[in-house]
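So the structure is just underneath, and the comments pick up after that.
The values are calculated or read from the model by the stated rules, or taken from the named source; none is laboratory data. Since the structure is predicted, the reported quantities are computational estimates derived from the model, not experimental observations. Because the Cβ atoms are built from the backbone with ideal geometry, glycine has one as well, and the counts that use them run over all protein chains shown. Note: accessible area is taken over every heavy atom of the protein model, side chains too, but ligands, DNA and RNA are not part of it. Shrake-Rupley method; radii C 1.70, N 1.55, O 1.52, S 1.80 Å.
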Amino acid sequence: MSNILVYALHHEGAINKNSLGAISTASKLAAELGGEVHVALVGEDISDDVAGSVGKYGAAKALRVNAPAGVAQPVVDALDTIASAGDYGYAIFGGGLLGFEAGAGLAARRGGGIAVEITGLRVDGGQLVAERPILGDSSISEIKFKGFGVVVGRLNAFEVVESGSPVAVEDVAVSLSDASGKVSVVTRGEQRGADVNIEDANVLITGGRGLGKPENFSLADDLAKAFGGNSAVAATRAAVDAGWYPYAGQIGQTGKTVAPKLYLGLGVSGAIQHKVGMQSAENIVAINKDSNAPIFEFADLGVVGDLHTITPALTEAIKAKKG
Ligand code: FAD
């Protein structure tokens, strides 16, 4: 049971970065386990080029399954069929919601175990050991599996490393279970702000839970527009988790690390997990109604007050100054 099966999520001809990280990590581990990495791709129009490209990250096989993409159940059917026919000890999913759903389904199907939010993997005594941060990331728990093991990574936990060349693609026939026909993707749309590259912005206006509701991100949008140039809007995890802003705009330990010339926080408390992603900003300005908010301990300029009155006034002042 030395091979590792990896699921690769893809969209419009591009394989998801978290999946590439999972393939890269699995290829290192498989070498230590004396096995290979086989990558399953599930979808209706996956080209040879896209499927075969998984070889560049260390996969020995690209297994293409013609089934609906973007929903968990066909992925469970596909991976279960492949795992039943081969010598697989583990399946690995990169970070992302489909991994949580499909990984859990696969573990249940195969009577195996599952470990989620994994940030590190290593081989010890011929067995995979998964590392999972616990207690607010202050400790790491180590998980071993009895029987088949399914690992779901934390977003951005696995590094993408190129280590090989494209491989030939094998088509695998899978008979889909009844459950596979019960859910389908109706439409796919871009989330607001998902295209913003916050890592490149000079000015970052960051919205926190203090904004109160998603519509109030317009205060951040207006302020960013007033600055103009290379300005963008970002968010804390609390705002992202509440569904107010897309994950692509999240700063922090489980988001992006940024170093703009100006970081301006609107209703951001300044939790350590946020701070680690923005502390290198050249100038940190915070607007918060609580004078004891932690962000004031490391802000260059702190404004104590209600963001709902201060932000529009600031936006108007900047517009006036720019003429
Ligand atoms: P809150 O902490 O709720 O702060 C809201 C602030 O708004 C308060 O300080 C309040 O005084 C102020 N406020 C409210 N109303 C107003 C008003 N009208 N005017 C002015 N101010 C107002 N967080 C991240 O950001 N990024 C991460 O990557 C991240 N990763 C994490 C990973 C782990 C493992 C864990 C455990 C946590 C992580 N967090 C992360 C969460 C983090 O601990 C905080 O919960 C989060 O940063 C808080 O977001 P916030 O500042 O928007 O909300």
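Out of segment 99-145, which residues are more than 16 Å from the ligand (Cβ to nearest atom), touching a helix residue (DSSP H, G or I) at 6+ places or on another chain (Cβ under 8 Å) and assigned to a strand (DSSP E or B)?
Selection gives Gly113, Ile114, Leu121, Arg122, Val123, Leu128.
Hey, among the residues in segment 1-21 that are assigned to a loop (DSSP other than H, G, I, E, B) and of a type outside the set (S, T, N, Q), which one's modelled with the lowest pLDDT?
Met1
Would a scan of segment 187-209 turn up a residue that is assigned to a loop (DSSP other than H, G, I, E, B) and within 12 Å of the ligand (Cβ to nearest atom)?
Yes: segment 187-209 contains one or more residues that are assigned to a loop (DSSP other than H, G, I, E, B) and within 12 Å of the ligand (Cβ to nearest atom).
Every residue, every condition in (1) open to solvent by less than 10 Å² (accessible area, probe 1.4 Å); (2) modelled with pLDDT under 95, yes or no:
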position	(1), (2)
Ile23	yes, no
Leu29	yes, no
Gly35	no, no
Asn66	no, no
Gly99	yes, yes
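Mind checking which residues of segment 146-161 are in a loop (DSSP other than H, G, I, E, B), at pLDDT below 95 and either within 16 Å of the ligand (Cβ to nearest atom) or not aliphatic (A, V, I, L, M) (or both)?
Those that are in a loop (DSSP other than H, G, I, E, B), at pLDDT below 95 and either within 16 Å of the ligand (Cβ to nearest atom) or not aliphatic (A, V, I, L, M) (or both): Lys146, Gly147, Arg154, Leu155, Asn156, Ala157, Phe158, Glu159.
What helices (runs of 4 or more DSSP H) completely inside segment 214-323 contain at least 1 residues that are surrounded by 23 or more Cβ atoms within 10 Å (Cβ to Cβ) and near the ligand (Cβ under 9 Å from one of its atoms)?
237-241, 272-278, 307-322
Restricting to segment 113-128, and then to whatever is of a type in the set (A, V, I, L, M) and touching a Gly at 6+ places or on another chain (Cβ under 9 Å), can you tell me which residue is nearest to Gly149 (Cα to Cα)?
Ranking the candidates gives Ile114 first.
Report the residue count in segment 159-184 for those that are surrounded by fewer than 10 Cβ atoms within 10 Å (Cβ to Cβ) and either over 26 Å from the mean Cα position of the chain (by Cα) or over 29 Å from Gly58 (Cβ atoms) (or both).
Here the count works out to 4.
I'm checking my understanding of the structure. Among residues of segment 132-145 that are surrounded by 16 or more Cβ atoms within 10 Å (Cβ to Cβ) and modelled with pLDDT of 90 or more, which one is farthest from the chain's Cα centre (by Cα)?
Filtering first and then ranking leaves Phe145.
Could you grab the pairs with beta carbons closer than 8 Å, sequence gap of 6+ or different chains, first residue in segment 240-260 and at negative phi, second one modelled with pLDDT of 90 or more and of a type in the set (Asp, Glu)?
From residues that are at negative phi, the pairs are Ala259/Glu282; Pro260/Glu282.
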